[in-house]
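Peer 1: Take a look at the following structure, please.
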Amino acid sequence: MDIYCGNLAYATTDEGLKAAFAAYGEVTSARVVTDRMTGRSKGFGFVEMPNAEQANAAIAALNGQDLDGRPIRVNESQPKPREERRGPRGGGYGGGFGGGRRDRGPRDTRW
């Protein structure tokens, strides 16, 4: 089961997140999401636990509890809507001048 963890302190690491959940069962992975440019935490992360019973116990026990000085929000992760996963639909050719002269007058050679 994939678990969302929000309101994380910027100091929270993958290892710290994993340790908090390991008290409730096996943790497959724990990841704090970071900004690509700065490397700083974005304040949320995900934990994966293979056993649903253990995952539900961890969610119930840790939701609202302090982790690194902040009360964390813990719940089952929901998949993103399709639009957010792939970006907006549409072609790859953006903008431009619209494809040709419309006035059919003499060609302007200054371009």
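Peer 1: Could you count how many residues in the stretch 35-78 are within 13 Å of residue 6 (Cα to Cα), of a type in the set (Val, Ile, Thr) and over 14 Å from the mean Cα position of the chain (by Cα)?
Peer 2: Final tally of qualifying residues: 3.
Peer 1: What residue, among those in the stretch 18-34 that are assigned to a loop (DSSP other than H, G, I, E, B) and within 20 Å of the chain's Cα centre (by Cα), is farthest from residue 72 (Cα to Cα)?
Peer 2: By that ranking, first place goes to 28.
Peer 1: If you scan the stretch 1-12, which residues turn out to be exposed (fewer than 15 other Cβ atoms within 10 Å of the Cβ) and out of contact with any Lys or Arg (no Cβ under 9 Å at 6 or more places or on another chain)?
Peer 2: Within the stretch 1-12, 2, 11 meet the criteria.
Peer 1: Same structure, new question: Answer yes or no as to whether residue 44 is of a type in the set (Phe, Trp, Tyr) and under 14 Å from residue 77 (Cα atoms). Give the derivation first.
Peer 2: Details: of a type in the set (Phe, Trp, Tyr): yes; under 14 Å from residue 77 (Cα atoms): yes.
Against the criterion (of a type in the set (Phe, Trp, Tyr) and under 14 Å from residue 77 (Cα atoms)), residue 44 qualifies.
Peer 1: I need the full set of residues from the stretch 48-88 which are modelled with pLDDT under 95, part of a loop (DSSP other than H, G, I, E, B) and at negative phi, in order please.
Peer 2: Within the stretch 48-88, 77, 78, 79, 80, 81, 88 meet the criteria.
Peer 1: Looking only at residues that are open to solvent by less than 60 Å² (accessible area, probe 1.4 Å), of a type outside the set (Val, Ile, Thr) and in contact with a helix residue (DSSP H, G or I) (Cβ under 6 Å, 6 or more places away or on another chain) in the stretch 13-51, which one is nearest to residue 66 (Cα to Cα)?
Peer 2: The extreme case among them is 21.
The values are calculated or read from the model by the stated rules, or taken from the named source; none is laboratory data. All values derive from a computational prediction rather than experimental measurement. As a convention, Cβ positions derive from the backbone with ideal geometry for all residues, glycine included, and neighbour counts pool all protein chains shown. For the accessible areas, the whole protein counts, side chains as well, though only heavy atoms, and no ligand, DNA or RNA atoms are used. Shrake-Rupley method; radii C 1.70, N 1.55, O 1.52, S 1.80 Å.
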